[in-house]
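J.: Here it is, the structure, as structure tokens.
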Amino acid sequence: MKAIDNKELVIALEELENEKGIKKAYLIEAIEQALVTAYKRNFDSAENVKVVMDRETGAAHLYAVKEVVEAVEDSKLQISLDEAKTISKKLEIGDTVDIEMVPKDFGRIAAQTAKQVIIQKLREAEREIVFTEFNERKGEIVSGLVQKADSNIIVMDLGRLEGIMPGKEQIPTEKYKVNDKVRGYVLDVVKGLKGTPQVIVSRACSDFVRKLFEFEIPEIYEGLIEIKSVSRDPGYRSKVAVYSNNENIDPVGSCVGQKGVRIQNIINELNGEKIDVIEWNKDPSIYIASALLPAQVMAVDIKEEEKFAQVIVPDDQLSLAIGKSGQNARLAARLTNWKIDIKSESQFREMIANMNEEE
């Protein structure tokens, strides 16, 4: 085809490389491939063709690629040796030769195709930039407006990206409505069907509570207090174990705040979810007893190798220690990573008596 002198195209490609980081060579290769597809579609061609763009001028050339044969059976794909020799005397049977073509209107098609490819690649590059940017924000809290709300999925507008909160990442006691402003924890960033990045957001994970504590308690953000563990029953109750190696800092008191102001801000964000803040201790007996708060514990007998703890509580504290549907005991076990068996004082005395009888 007649060369398309398009110096402006080359300048545009160079600007994209400098400003967006999209390599000029990559764009040119993409345009060449798209031009081959455009030619075959517009000219209903079964020929083997290729397009070569001049890297300096932007001129595009279309070639039919033909195999040199003794006797031509398909003129679209083959050329006789005699005819090939008129192009180059060095050509032999089995070689391929590029024959430039000048189809009508291909210049216009080439210009349109180049523009479409640039727009497409620019969008892809922008999506990649946004993906990288949000991928680095995994583990952070984001806020957005609810665009779609049902029990299976919440779709959020996060500004430059779409946030998705699957059903399992929603707090079961919460109801979301369109245009609600919602905060959530960035679990992951994935690419959708068309390559569009999507942010997977959670309000139900334990790390959301951990991050809220970092926001509300400066001593945690500054590293003076450490969150050792979090266990959670989303929407109902969380237990958070905190610790400070500074003897002058009360980790639990600092988290709760004066008159409970600090912890109340977190509870409000979680729509009334109860939060037990307990002090971590390297002694598992003390730690497990604290983890079972608000119940009072009489004794803890541990088996270190099995990470098993037998806990004795006053008779009137048994139901509180176990909690509704076993919630308090379950959260304490998750928090401490110990198996916990709770017995009332009466149950324990009865068990001892039975053991003595058997002896």
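None of the figures in this text is laboratory data; all of them are computed from the coordinates on show. The model shown is predicted, which means the values in this text are computed figures rather than measured ones. Because the Cβ atoms are built from the backbone with ideal geometry, glycine has one as well, and the counts that use them run over all protein chains shown.
J.: Across 10 Å bins from the origin, how do the percents of Cα pairs in the chain run, short distances first?
T.: 5, 16, 17, 14, 11, 9, 9, 8, 6, 3, 1, 0
J.: While we're looking at this one, here's another question. Which of Cys255, Cys205 comes first, and how do the rest follow, when ranked by fewest Cβ neighbours within 10 Å?
T.: Values: Cys255 23, Cys205 18.
Lowest count first: Cys205, Cys255.
J.: Something else: Could you give the length gained on full extension between Glu214 and Asn248, defined as 0.36 nm per residue of separation minus the Cα-Cα distance, in nm? Before the final figure, lay out the partial values.
T.: Details: separation 34, 0.36 × 34 = 12.24 nm, distance 1.97 nm.
Using 0.36 nm per residue and subtracting the Cα-Cα distance, I get 10.3 nm.
J.: With the crude spin-label approximation of a point 7 Å out along Cα→Cβ, what separation in nm comes out for Glu305 versus Lys175?
T.: Each label point lies 7 Å from its Cα, and together they span 5.5 nm.
J.: Whose amide H sits under 5 Å from the amide H of Ser45, counting only residues 5 or more places off or on another chain, with H placed in the peptide plane?
T.: Close amide H contacts, sequence-distant or interchain: none at all.
J.: Continuing with this model, one more query. To one decimal place, what orientation-averaged projected area in nm² is obtained for the convex hull of the Cα set of the range 138-201?
T.: Numbers: hull surface 16.4 nm².
Orientation-averaged projected area of the Cα hull: 4.1 nm².
J.: What is the percent of Cα-Cα separations in the range 285-359 that go past 15 Å? If you can, show how the numbers build up before the last one.
T.: On the way: 1439 of 2775 pairs.
Of all Cα-Cα pairs in the range 285-359, 52 percent lie more than 15 Å apart.
J.: Under 17 Å Cα to Cα from Lys104, which aspartates and glutamates show up? Leave out anything in the same chain fewer than 8 places away.
T.: Qualifying aspartates and glutamates at Cα under 17 Å: Asp5, Asp44, Glu47.
J.: Tell me the angle of helix 7-20 to the major Cα principal axis of the chain, expressed in degrees between 0 and 90 and rounded to the nearest ten.
T.: Relative to the chain, helix 7-20 is tipped by roughly 10 degrees.
J.: Here is a further query. Taking every pair of Cα atoms in the range 180-312, average 1/r, invert it to obtain the Kirkwood radius, and report Rg/Rh to two decimals.
T.: Numbers: Rg = 17.5 Å, Rh = 16.6 Å.
Checking Rg against Rh, the ratio lands at 1.05.
J.: Right, something else. Once Lys and Arg get +1 and Asp and Glu get -1 on their Cβ, which of Leu187, Ser285, Asn48 lies farthest toward the positive end of the dipole of the chain?
T.: So the residue we want is Asn48.
J.: Additional query: Taking every alpha carbon pair in the range 7-134, what does the distance histogram look like in 5 angstrom bins from 0, in percent?
T.: Pair shares across the bins are 2, 10, 18, 17, 14, 13, 10, 7, 5, 3, 1, 0, 0.
J.: Under a cut-off of 19 Å between alpha-carbon atoms, report the aspartates and glutamates in cross-link reach of Lys191, not counting same-chain residues fewer than 8 places apart.
T.: Glu124, Glu126, Glu128, Glu133, Glu136, Glu140, Asp157, Glu162, Glu169
J.: A further question on this structure: For the range 10-97, state which trypsin sites (Lys or Arg not before Pro) are in a DSSP loop and have at most 10 other beta carbons lying within 10 Å of their beta carbon.
T.: On the way: sites: Lys20, Lys23, Lys24, Lys40, Arg41, Lys50, Arg55, Lys66, Lys76, Lys85, Lys89, Lys90; in loops: Lys23, Arg55, Lys76, Lys89, Lys90.
Sites meeting the loop and neighbour criteria: Lys89, Lys90.
J.: Now for a different question. If you wrap a convex hull around the Cα atoms of the range 252-299, how much volume per residue is inside, in Å³? Please list the in-between numbers first.
T.: Numbers: hull volume 4.0 nm³, N = 48.
Expressed per residue, the convex hull around the Cα atoms of the range 252-299 is 84 Å³.
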